[in-house]
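The values are calculated or read from the model by the stated rules, or taken from the named source; none is laboratory data. Please read these numbers as outputs of a predicted model, since none were measured by experiment. Neighbour counts are summed over all protein chains in view; Cβ atoms, including those assigned to glycine, are modelled from backbone coordinates with ideal geometry. Protein only, heavy atoms only, side chains kept; ligands, DNA and RNA dropped before computing areas. Shrake-Rupley method; radii C 1.70, N 1.55, O 1.52, S 1.80 Å.
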Amino acid sequence: MAIALITGASKGIGLALARLMAEYGHDLVLVARSKERLSQLQSELTSTYAISVFSINADLSQSEAPTHIFTQLSQQNIFPDILINNAGLGDVALFSEANLEKQKQMIALNINCLTELTYLFLQQRRQGKQYWLLNIASTAAFLPGPSMSVYYASKAYVLHFTEALAEECKQSNVSVSAFCPGPVATDFQVSANMPKAKGLKKSLLLSAEEAAKFAYKAIFDTKVVVVPSFKNRMAVWLASLLPRKLAMRAVFKSNELSG
Ligand SMILES: NC(=O)c1ccc[n+]([C@@H]2O[C@H](COP(=O)([O-])OP(=O)(O)OC[C@H]3O[C@@H](n4cnc5c(N)ncnc54)[C@H](OP(=O)(O)O)[C@@H]3O)[C@@H](O)[C@H]2O)c1
């Protein structure tokens, strides 16, 4: 069964995906900062399923982290067939009032780390084998996001980078997809200081388990850009019909920081 490397596997969508893929029999490499959560998950999965689980504690916003991960893996003779770039960070703030360090950490994690892990993953491929790459973007990738300007821009990068890479890899042995969920009920909202989802956002909300099921399907799907659930696809499509300025103001309002 294909070996999957999942970043941000200690909670939220990454945790739900790790549990789902263990159930389907995939060997796993789990990456996150929290040692305790990862070792608890490792023993939970290896005591429940006949799979091997290797966990790596790393702060992926640190520039040396991607090389550190792939060096450790090759020393262990572990060569992932699936890479799921899931770890990500958000922040709700007017940019001029935002914590600059947190904005820089978001760029380091959501963009730099994802790009370098993708590069190192593609380098370790072997002839004659199939590989899969799933980059977790967001419905935020489709529009500028006042009050989450850096986050929305970082997800736009993930979407465009992944679409371009998918085109480049069309004739190769790696299938590339971008997964663009709308709001998902995880700790993400808390760490992003996001106001509680209500109204339209609440109706679009997915559980982490539901998002994980859609994400797993997206890995092997031929579609390059996957927006889970009909409601979220409708929301993205309707926003694309609106004049961009209007759509952007709607986003600003939905993040409740508009004056
Ligand atoms: N929740 C949503 O509404 C939503 C919507 C669209 C897209 N997304 C995207 O989905 C992905 C997963 O988000 P989530 O909702 O599952 O969030 P979450 O519950 O906050 O989980 C984030 C995961 O990333 C890890 N992580 C965060 N910073 C890290 C760092 N510097 N180094 C290593 N690992 C780090 C966390 O583990 P540690 O704290 O243990 O390091 C955790 O496992 C993100 O890319 C997010 O942008 C989320």
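As a summary of the residue check, P80 satisfies the conditions (1) farther than 19 Å from F121 by Cβ; (2) open to solvent by less than 20 Å² (accessible area, probe 1.4 Å) except for the one numbered (1).
Condition check: surrounded by 14 or more Cβ atoms within 10 Å (Cβ to Cβ) and on the phi > 0 side of the Ramachandran plot. Does G25 satisfy that?
no
Residue pairs whose Cβ atoms lie under 8 Å apart, separated by 6 or more positions or on different chains, with the first residue in segment 211-224 and free of Cβ contacts under 8 Å to residues at least 40 places away in the same chain and the second within 14 Å of the ligand (Cβ to nearest atom), are F214/F179; F214/P181; F214/L206; F214/V226; F214/P228; F214/S229; K217/V226.
Only residues that are of a type in the set (S, T, N, Q) and more than 7 Å from the ligand (Cβ to nearest atom): list them for segment 163-190, please. Don't jump to the end; show me each part of the working.
Here is the first cut: in segment 163-190, the ones of a type in the set (S, T, N, Q) are 171-173, 175, 177, 186, 189.
Hits for segment 163-190 are Q171, S172, N173, S175, S177.
Each row is one residue, and each column tells you yes or no for (1) over 22 Å from V225 (Cβ atoms); (2) within 17 Å of the chain's Cα centre (by Cα).
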| position | (1), (2) |
| --- | --- |
| F70 | yes, no |
| L73 | yes, no |
| F95 | yes, no |
| A98 | yes, no |
| L117 | no, yes |
| N135 | no, yes |
| A141 | no, yes |
| G145 | no, no |
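Picking from residues in segment 210-251 that are touching a Pro at 6+ places or on another chain (Cβ under 7 Å) and among the aliphatic types (A, V, I, L, M), the one that is most open to solvent (accessible area, probe 1.4 Å) is M248.
Among the residues of segment 231-250, some residue qualifies, meaning at least one is under 30 Å from D81 (Cα atoms) and at pLDDT 90 or above. When L45 is tested against the conditions (1) open to solvent by 50 Å² or more (accessible area, probe 1.4 Å); (2) part of a helix (DSSP H, G or I); (3) more than 10 Å from the ligand (Cβ to nearest atom), the lone failure is (1).
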